């Protein structure tokens, strides 16, 4: 059993069969029909003109930054954003841009602070060309449409483009009870992941205008992301949209079941205000290596991170798995 992330899922049987029969071409020549179908469907889902299939979420975010900016620019990101914390300093290395960190209020921008973060036109200042949002946020929260709209409008007033790290956008839309295109409406570009939550083995898509995606194709090639008969992977993405996306609510329900079950253990303290997705965050009174203890019992979890644990449910998680996890936790802690 694996509660580390929703990236650990195995391809479904339908995905494996789709890989065998996928229509393929050479995607560098832009003639892979399966990739075309996937890109068109995701662009339509998000209400944008075009999409581009890439290997990973980090690749997609960095491709967006590279396409939106020029070396020497400054981009705005939250202090707890995935782009800043978990992408290995790539904006500076790949795009030659500075990251200006904004205060995070539960995963969103402080609207009072935000206008002052955009640089005025001055010989001493870099150009603030891009603002990045994240929804769902890595802290387990979703960001409201009203908040996204307010941030987007400020960025537009300041002349900046807006990119959304939407790795778990479909989870966010489900939690907010809105359509995915409603979240994408307050962005210029969006990155969505097929291997987080949707069980595909590989792949993300960068979505935006036709002109933007045409430019991004060039930078994708520069970054080494030009792939050939990648339709075998796009086929898994199509299955994910057809078969996995409609059942995503099960993961959210299992996360709530997991949280309620963990709450039966007195030394476990659930972050109830961050239970919007398929993730359960909690702290533990005991000073033990919970990951090691559970690992000895055949249960994989991530180690303590910044004082808390995170358990994630996904398509391969059953209620029976959760019951077994809780039994092991009680054995360790009670």
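Mind telling me which of 232, 202, 123 comes out most flexible in a GNM of the chain, alpha-carbon contacts under 10 Å?
Maximum among the listed residues: 123.
Round to the nearest 10 and give me the degree value, 0 to 90, for the angle of helix 57-68's Cα axis relative to the longest principal axis of the chain.
20 degrees
Could you work out the equivalent-ellipsoid semi-axes for the chain, taking the square root of 5 times each eigenvalue of the Cα gyration tensor, largest first, in whole Å?
The answer is 33, 27, 17 Å, longest axis first.
Once fully extended, how much extra length lies between residue 209 and residue 122, figured as 0.36 nm per residue of separation less the alpha-carbon to alpha-carbon distance?
Numbers: separation 87, 0.36 × 87 = 31.32 nm, distance 3.00 nm.
Between residue 209 and residue 122, full extension yields an extra 28.3 nm.
Quickly rank 153-163, 218-228 as a protection proxy: mean count of other C-beta atoms within 10 Å, highest first.
153-163, 218-228
Taking the beta-carbon count within 10 Å as an exposure proxy, list 97, 192, 24 from fewest neighbours to most.
Taking fewest neighbouring Cβ atoms as first place, the list is 24, 97, 192.
Rounded to two decimals, what ratio of Rg to Rh does segment 24-103 give with C-alpha atoms and a Kirkwood Rh?
Rounded to two decimals, Rg over Rh is 1.06.
With a 10 Å Cβ neighbour count serving as the proxy for reagent exposure, in which order, fewest first, do 58, 108 appear?
Ranking 58, 108 by Cβ neighbours within 10 Å, fewest first, gives 58, 108.
Assuming R0 = 51 Å, can you tell me the calculated FRET efficiency for the pair residue 316 and residue 185, based on Cβ-Cβ distance, to the nearest 0.05?
Details: r = 33 Å, r/R0 = 0.64.
That pair, residue 316 with residue 185, gives E of 0.95.
How do the peptides 110-119, 313-322 rank, highest first, by the average count of neighbouring beta carbon atoms within 10 Å per residue? Display every interim value, and only then the final one.
Numbers: 110-119: 14.2, 313-322: 18.6.
Output ranking for 110-119, 313-322: 313-322, 110-119.
Within a 10 angstrom radius of the beta carbon, how do 309, 29 rank from fewest other beta carbons to most? Please list the in-between numbers first.
On the way: 309 19, 29 9.
Exposure proxy ranking, most exposed first: 29, 309.
Since every read-out is calculated from the coordinates, none of them should be taken as a lab result. Please read these numbers as outputs of a predicted model, since none were measured by experiment. When we count neighbours, we look across all protein chains shown, and the Cβ atoms used for this are built from the backbone with ideal geometry, even at glycine.
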